[in-house]
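Any read-out appearing in this document is the output of simple, stated calculations on the displayed coordinates, not a laboratory observation. None of these values were measured; they are calculated from a predicted model. Note: ideal-geometry Cβ built from the backbone for every residue, glycine included; neighbour counts use all protein chains shown.
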Amino acid sequence: MTEPLYLEETNHRSFEATVERVLDDGRLVLDRTGFYPAGGGQPADHGTIQLDRDVAAEDSLEWPVVDVQKRDTIYHELEGTPPLDELEPGATVVGTLDWDRRYAHMRYHTAQHLLSAHLLEAYDAPTTGNQLYAERARLDCRYDRFESEDLAAIEAAVNERIDDDLPVRWYELDRDVAESQLDAERTRLDLLPDSITEIRIVEIGNEDAPYDRVACAGTHVESTGELAGLEITGRETAGSGEERIRFRLLEA
Ligand SMILES: [Zn+2]
């Protein structure tokens, strides 16, 4: 399994890795990667993979990364047909993220946590799904219907948490420990497949009394102040007893 560098250090814009294999369809497997594979409502990272030749190579080889998927391991889809003879197993490559895109996903993912926490706390409305992009996001939750004054109050509450500039942290926890110590619904532990024994916890707020704590394998910013401000742009029904809220963030 590819070592997922993005879980620990979310601020690395480039990384070095070794080619493990290239599939016939051109998908690339590395020993480690900083590219986030699509999942949990967060889109895959884009960027480039460059063959490190250690010389002043004028013909430096570089391929755009257009998709990243996690299956049994992590697969990087490169644009075009990469020459298989250049990307041999054992070759050293440098991966560089499209940082604007990744940073936007980090901001939106962190905002989703704040919104989910408030909806559960104030409306007893657990989040059932979410999808974020680089310039907008939506969240589904179990609730009958939000009126416009609800939406205004929700927006104000989330913006307060943003103005508080709360710290954001993440760490690994044994599933047994997590299940015995944390509120399973609130942390969304119940949504994880049984095969997962190590849980990644993402925590917002002071260490002794965190405002929010959930299981999440996405990437996030280090403080809520980086979100600048949240604007709810609309709501609609997402099915019986399900509400969908659309939002966007102000420019950082
Ligand atoms: Zn998350």
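Quick notes on this structure:
- Low-density loop positions, GluC sites (Glu not before Pro), the range 152-252 - DSSP coil, at most 13 other Cβ in 10 Å: 207, 251
- The Cβ shell under 11 Å around residue 13 holds other residues with a net charge of -3, Lys and Arg each +1, Asp and Glu each -1.
- The chain - percent relative contact order, Cα under 8 Å, separation 6 or more: 19 percent
- Helical contribution to [θ] at 222 nm, DSSP H n ≥ 4, -39,500 (n - 2.57), averaged over the chain, rounded to 500: -6500 deg cm²/dmol
- Per DSSP, loop chymotrypsin sites (Phe, Trp or Tyr not before Pro) in the range 171-252 with at most 14 further Cβ within 10 Å: none
- Compared with the alpha-carbon gap, the fully stretched path from residue 183 to residue 121 is longer by 21.0 nm at 0.36 nm per residue.
- The ellipsoid equivalent to the alpha-carbon distribution of the range 102-249 has semi-axes of 24, 18, 14 angstrom, derived from the gyration tensor eigenvalues as √(5λ) and listed largest first.
- Whole-Å semi-axes of the range 75-172's equivalent ellipsoid (Cα gyration tensor): 39, 16, 12
- 5 Å binning of all Cα-Cα separations within the range 3-97, expressed as whole percents from 0 upward: 3, 14, 27, 28, 17, 8, 3, 1, 0
- Annotation for residue 240 and residue 14: the two label points, set 7 Å from Cα along the Cα-Cβ direction, are 5.5 nm apart.
- Alpha-carbon centroids, the range 152-203 and the range 87-115: separation in whole Å: 21 Å
- Other residues with beta-carbon under 15 Å from the beta-carbon of residue 135 carry, at +1 per Lys or Arg and -1 per Asp or Glu, a net charge of +3.
- Cβ-based net charge around residue 29, under 13 Å, with every Lys or Arg adding one and every Asp or Glu removing one: -3
- Shape category assigned to the range 141-200 from the gyration tensor of Cα positions, a/c cut at 1.5: oblate
- A straight chain from residue 96 to residue 149 at 0.36 nm per residue would run longer than the Cα-Cα distance by 14.7 nm.
- Mean sequence separation of contacting Cα pairs (under 8 Å, at least six apart), scaled by the length of the range 102-249, corresponds to a relative contact order of 33 percent.
- Percentage, to the nearest whole number, of Cα pairs in the chain over 35 Å apart: 22 percent
- Pairwise label distance in nanometres, residue 25 with residue 163, each label 7 Å out on the Cα-Cβ vector: 5.0 nm
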